[in-house]
Each structure stands twice: as C-alpha cells, then as structure tokens.
Amino acid sequence: MSIMDYANPSRFLALSGRLLPWLTGLTVLFLAAGLYMSFFTAPADYQQGQTVRIMFIHVPSAWIAMACYTLIAMSALGTLVWRHPLADVSAKAAAPIGAAFTFLALVTGSIWGKPMWGAWWVWDARLTSVLVLFFLYLGLVALWQSFDEPARAGRSAAILALVGFVNVPIIKFSVDWWNTLHQPASVMRLDGPAIHYTILLPLLTMAIAYTLLFLTLHMAAMRNEILRRRVRSLMQQRADAAQNIAADAGQGGVGQNVGQPTEQEA
Amino acid sequence: MEFLSGHGAYIAAAYGLSALVLGALTGWIIAERRKLRRALSALEASGVRRRSRPR
Amino acid sequence: MSSFSALLKRDLRLAMRQGGGAGMAIGFFLIVVSMVPLGVGPDLNLLARVAPGLLWAALLLAALLTLDRIFQADYEDGSLDAIVMGSMPLELAAAAKSLAHWITTGVPLALSAPLMGIILNLEPRAIGPLALTMLVGTPAISFIGAIGAALTLVLRRGGLLTAVLVMPLYVPVLIFGVSAVKAAVSGPVPFEAPFLILAALSLASVVLSPLAAAAALRAALH
C-alpha cells in the first residue's frame, strides 16, 4: 500500500512543498552550468559551425517532449487501473508543459534547419513525428478544457492518452517509411558514432537541467491543480449552503422552490 | 563575442525563444498559484470549511 | 452474436431511413476536391501527380464530419443508455456501430473517390488501386473515429474537438494508403508492401478501437 500512502493530496502537498525548493535550486544550478558549457567550453562543429549550439537546447526539448508523453500515459494507467487520485492531477498538469516543450523542440529544430537545410521547415522524419506528437498534446489539452468537471474529464483524457501512446510508435514508423520514400538521402546525421565529449558533456548537462526543470514545473503545476480543485469544491459547498438557506427561508413562500431546479441546471 | 559571428542570429533566436516560452510557463504557474491561494484564503475567511469531499 | 447483427441491422436501417448522411459526405468530398484546382491552378500534370494524396486527404476530411453520427442520435434519444445497460458487451456494441458507420459512409466515400479522380486527372491505372486502398483503409477511419466520437459525446461542441483528437491518429492510414496507390502507379516499392501494412493497420484498429471506444462511452455516461 505504499503508493496509496501518497495518494492523499494533503500529504502530497506537504511532501512536494518540502521538495520543491531543492528541485528549483538544482534546476538553476544545472541550467547555469549547462548554459555556460554550451556557450564557452563547447567548440564549434567543423561541419555545422556555431549552430551546433542550438542542439544543446533542441535535443533536450525533444527528449522532454517524449518523456512527458510517457509520463502522461503512465498517469493514465494510474487513473484507469488503480484509480489513483493523484494520477489524473499529474496527467492534467503535465499536458500543457509537455506541449510547451514539444513546441520548443519544433521551433528550435526549425531555426536550426534554416542555416543547415536552407529552409525553415523540411519534412524531415523526426520533425514530422514531433509535429504529430504536438497535435496529440493539443488534443489532450483541448479535451481537458472542454469538460467542466475534472473527475469526468480525467477518465476520458486518460483513454485518449493511452490511445495516443499506442499510436506513437506506429506514427513514427509510418513517418519514417514515408520519409525514406520521398527523400532517400538524409541531409544531416546527428547520431553519427563520434560525438566528441566536449559536445556530449554540455548536451548531457542540459538534458539533466531540462529534466529537472520539467520535474519542478510539473510538481508546481500539480500543486496548483490540487488547490484549484479545493477552491472548486469549496465554491460548490458555499453555493449549496446558500441554496439550503434560501430553501429554508422560502419554505413558507410560494414559488421559491419551483424556481430552484432550473437554477441548479444553469 | 566571437561565437555570435556567422549564424549568431539563429542561435540567439533559438535560445531567446526557449527562454521566452519557458519563462512564460513558469510565470503562468506562479501567477496561478498566487491566484488560487488568494481565492482559498478568501473562501476560508468567509467561513467555508473543507469537509470530506462529496461523492 | 445475434445481438451484434441486430444492432448492426438497426443502425443500417436507421441510416437508410434518415438518408442524406452519406450523400452529404460525398457532396462535401466533391466540394473539397474541386477546391484544389481552384487553389493550385488547372495544370493537369501537377493535378495528376498530387491526385492520390489529395483524394485521400479529402476523404479523411469528409469522413471526419460524419463521425458524430456514430453515437450522437442514440445518446440524444436515450437508446445508448439502454445499450450500456443491456446484456451485450459494450465493446461489441461499439464495434457494431463502427461497422455500420463504415458501411453507410466509408464504403460510399471509397467508391465515389475514383469518380472524383476524373476531375483531378487521376491516371487510369491508379483508379483500381485507389478504390482498393480506400476500401481497405476506411474501416480504420470508422473504428478509430468511433473513439473520438465517444470521447466527445457529452460535450456540446464536440464536432471540432473530435477532428482535433482523431486527425493525428489517421496519419499512418493516410501515409500507407497514398503510398500504396503511388507504388502501384510508379513504384519504386511493390504495391503489396504498403498495402499489406495498411490492411494490418485496419485490422488492428477494428480489433482494438472498440475496447477504447467502449471505455470512453462508460467514462462519458457515468
């Protein structure tokens, strides 16, 4: 029952409240180190010149984009299978953050592509799959926003997240197929065997920094979501109480009770 | 700075946009937190107490 | 199984009686297809080259607009509640309704596509492969679409949202459908390779989508 120990939102708030300052500090530390390295210690690439520095923020964004979707899918399992009360809080909080990182992966990729490929956008297999991933995120965010009731949205969004997660590898495979059919020669290969450690070290540091940043933002957003639900239920309680008082006061009067059901509907 | 030679504008744009988006995300989360805390304390001050959730 | 065919027959009969559904989708299909030459110009060579992809994309759009019909009417008149309460597994019911959608919308759209090809100067030898890939690919469109329709069932303005949710999931179907047509016309890969993958996608979605659609219906109606 260890997972259920943390199921209590109040306990999560207390625990995350203690963790959050440390996470924030670590994030700042790694970001500073990573940025310093990517600008001052990493050499210019002999092929790509200075633009290789864009890689230090592009690749971590793409990595978070995928990791975040995995996290959402796991949270979706938590919602559907174990009905863990924090799972759909986690999924809902993660979706807009993941969308932002995916957007950054696309934009930095596009900016990197301009000097490399000569065009802002090429229908490269990777860019295209990340674009579809971005659409999946948009669908999730849109679905969350369309429901008034968080509990109801949770299950629907979880189903959508899992359906999307099953489809991600299929989409990746089909886009790769489509791409090799249309442009057989790859313009640029990043995953060549020899990435020098002067490039690898800043890349890894930035990847850790982005991961920490994501975890920090996600935890903070989860806390917000819990507060939001509390505010919501308190407001509802207040509205119920006001209605009860009105009902009590209007007990003798005529017409008061008749109007009430429609009020509740609205 | 010598690394801004050549494709400096692209590098600046990539880093600038990333800073902008991530900064906006952070700012949004902080602003939400302030707003929610204020709403919560206002509700509690007006005497609404949390009881175990309905349903 | 008898309840499956009973539900299927009922849906087919309802679609026949209401009429207009498939006709409207085909009309929309035709309008989208005829917008393209107006946009890109009447260059016949260019049109012939893009015709398979265009027809496939237009078919997706036309099918998207009809997805809400899979569950909406039954939700509004309460018969969906009866189906959920009934003895038939909800997964099977979702499959029957998806199948009915394919028969009443997917098949007519796929069969009308070659006719639309005429105004795009589609090569004659592409007509057969086009109709075949569309017949094989449209079940995936109906069955995956049922998930989106179920997810947005209780929402007031679900139509646009359904399209946003479902469109990314159609990417593989679109890619392999168009690849198969192009392979049949100009190579370089043999027709069977993308065509069999398309068939596999379709079969997998026929088997798996009803599970998700039923789960979405339960989540929506609770």
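Assorted remarks:
- Among C:Asp74, C:Asp11, C:Asp43, the largest mean-square fluctuation in a Gaussian network model of chain C (Cα springs under 10 Å) belongs to C:Asp43.
- Take C:214-220, C:44-50, C:76-82, A:69-75 and order them by the average number of nearby Cβ atoms within 10 Å per residue, most first; the result is C:214-220, A:69-75, C:44-50, C:76-82.
- Rg/Rh for the stretch C:128-222 (Cα atoms only, Rh after Kirkwood) is 1.09.
- Measure of compaction for the protein assembly as shown (Cα Rg per 2.2 N^0.38 Å): 1.11
- Across peptide A:111-123, the mean count of Cβ atoms from other chains lying within 10 Å of each residue's own Cβ comes to 2.
- Diffusion coefficient, µm² s⁻¹, Stokes-Einstein with Kirkwood Rh over alpha-carbon pairs of chain C at 25 °C and 0.890 mPa s: 138
- Comparing Cα centroids, the stretch C:123-142 and the stretch A:89-159 end up 31 angstrom apart.
- Calculated [θ] (222 nm, deg cm²/dmol) that DSSP helices of n ≥ 4 give over the protein assembly as shown, each run adding -39,500 (n - 2.57): -27000 deg cm²/dmol
- Within the shell defined by Cβ-Cβ distances under 14 Å, the residues around A:Ala95 carry a net charge of -1, with Lys and Arg each +1 and Asp and Glu each -1.
- Selected from C:Gly86, C:Gly39, C:Gly106 as most flexible by GNM, with chain C as the system and alpha-carbon contacts under 10 Å: C:Gly39
- When each of the peptides A:240-249, A:18-27 is scored by how many other beta carbons lie within 10 Å of its residues on average, the order from highest to lowest is A:18-27, A:240-249.
- Charge tally in the Cβ shell below 15 Å around C:Glu91, where Lys, Arg are +1 and Asp, Glu are -1, C:Glu91 excluded: +2
- Shielding of A:236-245 by partner chains, average beta-carbon count, 10 Å: 2
- Shielding score for A:50-62, defined as the mean number of other chain Cβ atoms within 10 Å: 4
- When each of the peptides A:78-88, B:23-33, C:54-64 is scored by the mean number of other C-beta atoms lying within 10 Å of its residues, the order from highest to lowest reads C:54-64, A:78-88, B:23-33.
We did not get these values from a lab; they are worked out from the coordinates using the rules stated. From a predicted model like this one, the values you see are computed outputs, not experimental measurements. Here Cβ is always computed from backbone atoms with ideal geometry, including for glycine, and neighbour counts include all displayed protein chains.
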